[in-house]
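Trainee: Sharing a structure, written as structure tokens. Questions coming.
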Amino acid sequence: MTETNYHITLRSSNKKTGPIPVITASKQTCPDVCPLKGGGGCYAESGPLALHWGKVTEGERGGTLAEVLAPIAALPAGSLWRYGQAGDLPGQGNAIDPDGLALISAAGRDKRTILYTHKPPTPANLTALRKARDEDGLHVNLSSNSPAHADQLVKHGFDVVTVVPSEYGRKAKSKGKRTVWAETLSDYKRRTKSLDHRTPAGHQLAICPATYLDTSCAACGLCANASRNGSIVAFPAHGTRKSAAGSH
């Protein structure tokens, strides 16, 4: 395995992401505390993204963090981009590399950044994240394993995302190579109306719109919004993540 490697796709072909720039970080960046790591529950460990991620991790494609961030720094102000469609913030395992994070925050200054991290909220990690936010305005989402875990992470003063059971998502089915909705939007809203849309501590859960509407990160931008009034974006578990989500 090579040193930490990164790759940029200037215009993603991923339907969920939409045509925005996305960066992939090699697997060494993934924290050991992530319950989905290596257990078959991570969406990036299966399908076409897994093949790409493997090549990035082995150094077969991509380059240094500074190299892949150069096109991000050149984007017009207000542009939307995503860091970490696979992988996490710079730094091996649980630790955040503050120098690497500084490169990201500088490149993303004045941009709309979609960024999640499962790195634990250690004092050193939080110091680095706060510096990036306060000096460059980098918007960071702390990733939690459940609504109860989200309540713990909110206390650190950052926006939070979480995973919820698959029943929160609109039913879908495969049709050839495509995925289509298996229930109407009205039926979905009716079925999920009785589900709890607040965390145990009372924070609002905002279900990811792409899990029940024909939209994408490019069209939505909710996770890049630093003014969402404390709402916790919730992603219904799907595929191999269903069983993993139910255990946290």
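Trainee: Does residue 150 count as among the aliphatic types (A, V, I, L, M), assigned to a helix (DSSP H, G or I), closer than 25 Å to residue 221 by Cβ and in contact with a Leu (Cβ under 7 Å, 6 or more places away or on another chain)? Talk me through it step by step, then tell me what you get.
Mentor: On the way: among the aliphatic types (A, V, I, L, M): yes; assigned to a helix (DSSP H, G or I): yes; closer than 25 Å to residue 221 by Cβ: yes; in contact with a Leu (Cβ under 7 Å, 6 or more places away or on another chain): no.
Against the criterion (among the aliphatic types (A, V, I, L, M), assigned to a helix (DSSP H, G or I), closer than 25 Å to residue 221 by Cβ and in contact with a Leu (Cβ under 7 Å, 6 or more places away or on another chain)), residue 150 does not qualify.
Trainee: Being over 24 Å from residue 15 (Cβ atoms), in a loop (DSSP other than H, G, I, E, B) and touching a strand residue (DSSP E or B) at 6+ places or on another chain (Cβ under 9 Å) is the filter here; which residues of region 189-217 pass it?
Mentor: Listed by number, the residues that qualify are 195, 196, 197, 199, 203.
Trainee: Exactly one of (1) modelled with pLDDT under 95; (2) among the aliphatic types (A, V, I, L, M); (3) under 17 Å from the mean Cα position of the chain (by Cα) is unmet by residue 51. Its number?
Mentor: Of (1) modelled with pLDDT under 95; (2) among the aliphatic types (A, V, I, L, M); (3) under 17 Å from the mean Cα position of the chain (by Cα), only one is false for residue 51: (3).
Trainee: Listed residues 25, 74; which is buried (at least 20 other Cβ atoms within 10 Å of the Cβ), among the small types (Gly, Ala, Ser) and at pLDDT 95 or above?
Mentor: 25
Trainee: Another question about this same structure. Looking at region 104-128, which of its residues are part of a helix (DSSP H, G or I) and surrounded by fewer than 21 Cβ atoms within 10 Å (Cβ to Cβ)?
Mentor: 106, 123, 124, 126, 127
Trainee: Also: Looking at region 129-152, which of its residues are charged (D, E, K, R) and either surrounded by fewer than 16 Cβ atoms within 10 Å (Cβ to Cβ) or modelled with pLDDT under 95 (or both)?
Mentor: Pass one, region 129-152, residues charged (D, E, K, R): 130-131, 133-136, 151.
Matches in region 129-152: 130, 131, 134, 135.
Trainee: Restricting region 172-205 to residues that are closer than 18 Å to residue 16 by Cα and among the hydroxyl-bearing types (Ser, Thr, Tyr), which is surrounded by the fewest Cβ atoms within 10 Å (Cβ to Cβ)?
Mentor: 174
Trainee: Please specify each residue of region 92-103 satisfying the condition of being surrounded by fewer than 23 Cβ atoms within 10 Å (Cβ to Cβ) and assigned to a loop (DSSP other than H, G, I, E, B).
Mentor: 92, 93, 94, 95, 97
Here's the yes/no breakdown for (1) in contact (Cβ under 8 Å) with a residue 60 or more places away in the chain; (2) farther than 19 Å from residue 223 by Cβ; (3) buried (at least 20 other Cβ atoms within 10 Å of the Cβ):
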site	(1), (2), (3)
21	yes, no, yes
44	no, no, no
58	no, yes, no
62	no, yes, yes
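Trainee: Still on this structure, I have one more. Looking at this structure, is residue 32 without any contact (Cβ under 8 Å) to a residue 24 or more places away in the chain and exposed (fewer than 14 other Cβ atoms within 10 Å of the Cβ)?
Mentor: Judged against the criteria, residue 32 is not a match.
Trainee: All but one of (1) surrounded by fewer than 20 Cβ atoms within 10 Å (Cβ to Cβ); (2) in a loop (DSSP other than H, G, I, E, B); (3) in contact with a helix residue (DSSP H, G or I) (Cβ under 8 Å, 6 or more places away or on another chain); (4) at negative phi hold for residue 49; state the number of the condition that does not hold.
Mentor: Unmet for residue 49, out of (1) surrounded by fewer than 20 Cβ atoms within 10 Å (Cβ to Cβ); (2) in a loop (DSSP other than H, G, I, E, B); (3) in contact with a helix residue (DSSP H, G or I) (Cβ under 8 Å, 6 or more places away or on another chain); (4) at negative phi: (2).
Trainee: Name the residues in region 153-171 that are part of a helix (DSSP H, G or I) and crowded, with 17+ Cβ neighbours inside 10 Å, would you?
Mentor: Just the residues of region 153-171 that are part of a helix (DSSP H, G or I), to begin with: 153-154, 166-168.
If the condition is that a residue be part of a helix (DSSP H, G or I) and crowded, with 17+ Cβ neighbours inside 10 Å, then 153, 154, 166, 168 are the ones that fit.
The values are calculated or read from the model by the stated rules, or taken from the named source; none is laboratory data. Predicted model, so just to flag it, every value in this text is computed and none were measured. We place every Cβ from the backbone using ideal geometry, glycine too, and count neighbours over all the protein chains shown.
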